[in-house]
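Student: I'd like to ask you about the structure that follows.
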Amino acid sequence: MCQIKVTAGQVTITATLNDSNTARLIADALPFESSAQLWGDEIYFSAPITTGEDNPQAEVESGAVGYWPPGKALCLFFGQQPYSPVNIVGRIDGDPCVLAAVRDGDAIRVEPA
């Protein structure tokens, strides 16, 4: 397992990646930068990996970190369910509700913690 730090606008969180194939691809791609997009209580942003389904989940818990194969995007959940199934790649450490302060278009940096 690998821990990552995500800085989105004025918000910084850490998350612990699991041992899935998709999570390993994300860890190998660190660091990377993107731009936040919002969908309900979800932040998603492009990630520099391409992979298919890896045990995709249509329902996730608040605090889940997922990868959305159709959009090649990393997703941070602090409430609502995904638009479509995602590969679960980890879990946010601490309270995911702090992500509510992130705004559409905020700069995002993902790096090793």
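Student: Just how large is the dipole of region 32-74 about the Cα centre, in debye to the nearest 20, putting +1 at every Lys and Arg Cβ and -1 at every Asp and Glu Cβ? Present the calculation step by step, with values, prior to reporting the outcome.
Tutor: Details: 1 positive and 7 negative charges, 41 e Å.
Charge dipole of region 32-74: 200 debye, to the nearest 20.
Student: Also, quick follow-up: If you plug each phi of region 56-72 into the Karplus form 6.51 cos²θ - 1.76 cosθ + 1.60 with θ = phi - 60°, what whole-Hz ³J(HN,Hα) values come out, in order, with x for Gly and Pro?
Tutor: Once rounded to whole Hz, the list reads x, 10, 8, 10, 10, 8, 4, x, 6, 10, x, 10, 9, x, x, x, 6.
Student: Place the peptides 54-60, 68-74 in order of packing, highest mean first, counting for every residue the other Cβ atoms within 10 Å and averaging per peptide.
Tutor: 68-74, 54-60
Student: What number, rounded to the nearest 500 deg cm²/dmol, is the helix-based mean residue ellipticity at 222 nm of the chain, given -39500 (n - 2.57) per DSSP H run of at least four residues and division by all its residues? Present the calculation step by step, with values, prior to reporting the outcome.
Tutor: Values: 1 runs with 9 residues, N = 113.
When only DSSP H runs of four or more count, the value is -2000 deg cm²/dmol.
Student: Then there's this: Explain nothing, just the number: dipole magnitude of the chain about its Cα centre with +1 on each Lys and Arg Cβ and -1 on each Asp and Glu Cβ, in debye rounded to the nearest 20.
Tutor: 220 debye
Student: While we're here: Suppose we look only past 18 Å in the calculated P(r) of the chain. What percent of the Cα-Cα pairs does that tail hold?
Tutor: 39 percent
Where a number appears in this text, it was derived from the coordinates with a stated rule and is not lab data. What you are looking at is a predicted structure, and each value in this text was computed from that prediction instead of being measured. Cβ coordinates were reconstructed from backbone atoms using ideal geometry, including for glycine residues, and neighbour counts include every protein chain displayed.
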